[in-house]
1. Roughly how far apart, in whole Å, are the Cα centres of the stretch 10-32 and the stretch 132-155?
2. So what does Arg138 come to for accessible area, using a 1.4 Å probe and Å² rounded to 10?
3. What full-extension length gain, to one decimal in nm, is calculated for Arg3 and Leu145 as 0.36 nm per residue of separation minus the Cα-Cα distance?
4. Quick one: which residues, 5 or more positions from Trp55 or on another chain, have an amide H under 5 Å from its amide H? H modelled 1.01 Å from N in the peptide plane, none for Pro or chain starts.
5. Taking amide hydrogens as modeled 1.01 Å from N in the peptide plane, which residues meet the under 5 Å criterion relative to Met132, leaving out close sequence neighbours?
6. Could you sort out which of Lys84/Lys166; Lys17/Lys68; Lys144/Lys164; Lys50/Lys84; Lys52/Lys84 sit more than 25 Å apart by Cα distance in this structure?
7. Can you run phi through the Karplus equation (6.51, -1.76, 1.60; θ = phi - 60°) for the stretch 59-69 and list ³J(HN,Hα) in whole Hz, with x for Gly and Pro?
8. Once phi is turned into ³J(HN,Hα) by the Karplus curve 6.51 cos²θ - 1.76 cosθ + 1.60 with θ = phi - 60°, what whole-Hz value does each residue of the stretch 153-167 show in order, with x for glycine and proline?
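The values are calculated or read from the model by the stated rules, or taken from the named source; none is laboratory data. Because the structure is a prediction, the values reported are computed rather than measured. Ideal geometry is used to build each Cβ from the backbone, glycine not excepted, and the neighbour counts take in all protein chains shown. Each accessible area value is taken on the protein alone, full model and side chains, heavy atoms only, with ligands, DNA and RNA left out. Shrake-Rupley method; radii C 1.70, N 1.55, O 1.52, S 1.80 Å.
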Amino acid sequence: TQRIIGEVKQEVTGYYKHTLLDLDAVFSANSIELLEGRFEDENQSGAIYKEKEQWFIVVNEDHPINRKRFTIAHELGHFFAVDKGSIQAEVHFEDQNEVIKDYSLMKRTEEIEDGAYQIERQANMIAAAILMPDDMVRTLYEKKLSLSELADEFGVSEAAMDNKLKSMGIETLESAGE
């Protein structure tokens, strides 16, 4: 996973506008089409599927923009994991492709088997790495920005930013007060 994250970070390096990853540029460079829609399960955030040679990412149109951005980056994480040779991700994708086409992905609240959990975790790690690069986060954190300000800078939720800071070993006042 770390090898894949490194390769993906390298691939998207030129697609930042200040601190925001330009997702449209990433889609264009990788021939991915973004669709917005509603899912039967209103809590479902997104899905990725491939039809013939075309990749599609579908995101829940009812979710707030910062959640959509993380969902899109998460689905890109699945795409890049397959693209960069993650055998586990590719096998999981092939097994799930028909399910994905029907937009019936596993729900967050359901128990998921270990292999699927690892695939979802890998996608989250890739998403966090490309939406909130460590060096950019550290630079802005050192300027004493609040959790809310940091989240806004990167176009993510406060929860996503808090998780990122914790993964970097940084405890925020907001999370320490919980």
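1. Cα centroid of the stretch 10-32 versus Cα centroid of the stretch 132-155: 19 Å apart.
2. It works out to around 100 Å².
3. On the way: separation 142, 0.36 × 142 = 51.12 nm, distance 3.05 nm.
Here the segment from Arg3 to Leu145 would lengthen by 48.1 nm.
4. Glu33
5. For Met132, whose amide H was placed from the backbone, there are no distant partners under 5 Å.
6. From the list (Lys84/Lys166; Lys17/Lys68; Lys144/Lys164; Lys50/Lys84; Lys52/Lys84), the Cα-Cα distance tops 25 Å for Lys84/Lys166.
7. Karplus values, whole Hz, x for Gly and Pro: 10, 5, 5, 8, 7, x, 4, 5, 6, 4, 4.
8. So the J values, rounded to whole Hz, are 4, 9, x, 10, 6, 4, 4, 5, 5, 4, 4, 4, 4, 4, 5.
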